[in-house]
Amino acid sequence: MNVEDAARARYSCRAFLADKPVDRKTVEDLLAIAATAPSGGNLQPWNIIALSGEPLAALIDDVKGQVSDLPRGEGSEYRIYPQNLKEPYFARRHKCGEDLYATIGVGREDKPGRMKQFGRNIELFSAPVGLFVYLDRQMQPGQWSDAGMFIQTLMLAATARGLATCGQEFWAMWHKSVARYTDPPDDWMLFCGIALGVPDPAAPINSLKTDRAPIAEFARFTGF
């Protein structure tokens, strides 16, 4: 699979095969490929802590035990979405959610159904590996952009190997609990988690391919 094919095939997987593990060597290979991503000044600002097996299961059980008291989590250390999100961004986010729930037959008024699906984030959608992406608190927006390129490269590499991923900013809202299992240095901030595993091809939710705006909507050309 070439890069273009991987980019077109990649999607946010929300149903993995729990009985299909991903071994450490594969995770290390994917991280090594991701680390070829560019970064300003070659800072390579990303830091990854990978969990699987018993440590990941313990984290999941821990958060499940708290969610009834903290339905919105512990609070993230950064604002995941801007306040008063304007158009066209608000409409895109809204449609993404509606299209997602439509794949599993959960309507807008079905709040229990929506909460149940949202709660699947805690389980990493049954993925056997959770990658937790940290950035040094000293870093600025440029380095956060660099981390995004690292994450995208990792996701494309996983897709090329027949695996799937789902980026989860959800975990930023549980950074304190995650820290009990990742033990990060005090000067690291949790940016997101990434679920990694073998996708469930029979899961309707994995049929979702979110819309992309046409080029004319986001690009301008001068001098061509």
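The values are calculated or read from the model by the stated rules, or taken from the named source; none is laboratory data. Since this is a predicted model, take the numbers as computed values, not measurements. When we count neighbours, we look across all protein chains shown, and the Cβ atoms used for this are built from the backbone with ideal geometry, even at glycine.
Of the residues making up region 116-144, those that are in contact (Cβ under 8 Å) with a residue 12 or more places away in the chain and in a helix (DSSP H, G or I) are Q117, G119, L124, F125, S126, G142, Q143, W144.
Checked against the criterion of being in a helix (DSSP H, G or I) and over 17 Å from the mean Cα position of the chain (by Cα), region 9-21 has no qualifying residue.
Condition first: part of a loop (DSSP other than H, G, I, E, B) and charged (D, E, K, R). Now tell me which residues in region 52-84 satisfy that.
D69, R72, E74, E77, R79
Among residues of region 189-202 that are at pLDDT 95 or above, those with a beta-carbon under 6 Å from a residue that is among the acidic types (D, E) at least six positions away or on a different chain give the pairs M189/E77; C192/E169. Each residue in region 70-104 was checked for being under 24 Å from A216 (Cβ atoms) and in contact (Cβ under 8 Å) with a residue 24 or more places away in the chain, and 5 of them qualify. Residue count for region 94-114, restricted to those that are small (G, A, S) and closer than 18 Å to D211 by Cβ: 2. Remark: Y11 matches the filter, which requires a residue to be over 19 Å from Y134 (Cβ atoms), out of contact with any Gly (no Cβ under 8 Å at 6 or more places or on another chain) and surrounded by 15 or more Cβ atoms within 10 Å (Cβ to Cβ).
Evaluated against (1) farther than 26 Å from M139 by Cβ; (2) in contact with a Lys or Arg (Cβ under 9 Å, 6 or more places away or on another chain), F90 falls short on exactly one condition, (2).
Take the residues in region 1-40 that are touching a residue at least 12 places away in the same chain (Cβ under 8 Å) and among the polar types (S, T, N, Q), then tell me which one is nearest to M139 (Cα to Cα). Taking the candidates together, the pick is S39. Among the residues of region 189-212, just one is closer than 18 Å to F16 by Cα, surrounded by fewer than 12 Cβ atoms within 10 Å (Cβ to Cβ) and not small (G, A, S), namely P201.
Output yes when any residue across region 200-209 is in a helix (DSSP H, G or I) and small (G, A, S), and no when none is. Yes: region 200-209 contains one or more residues that are in a helix (DSSP H, G or I) and small (G, A, S).
Take the residues in region 34-51 that are assigned to a helix (DSSP H, G or I) and surrounded by fewer than 17 Cβ atoms within 10 Å (Cβ to Cβ); name whichever of them is farthest from the chain's Cα centre (by Cα). Among residues in region 34-51 that are assigned to a helix (DSSP H, G or I) and surrounded by fewer than 17 Cβ atoms within 10 Å (Cβ to Cβ), the one farthest from the chain's Cα centre (by Cα) is G41.
Residues of region 99-138 that are farther than 24 Å from H175 by Cβ and surrounded by fewer than 12 Cβ atoms within 10 Å (Cβ to Cβ): G105, G107, R108, E109, K111, P112.
V3 passes every criterion in (1) under 17 Å from the mean Cα position of the chain (by Cα); (2) of a type outside the set (D, E, K, R); (3) within 25 Å of S145 (Cβ to Cβ) apart from (1).
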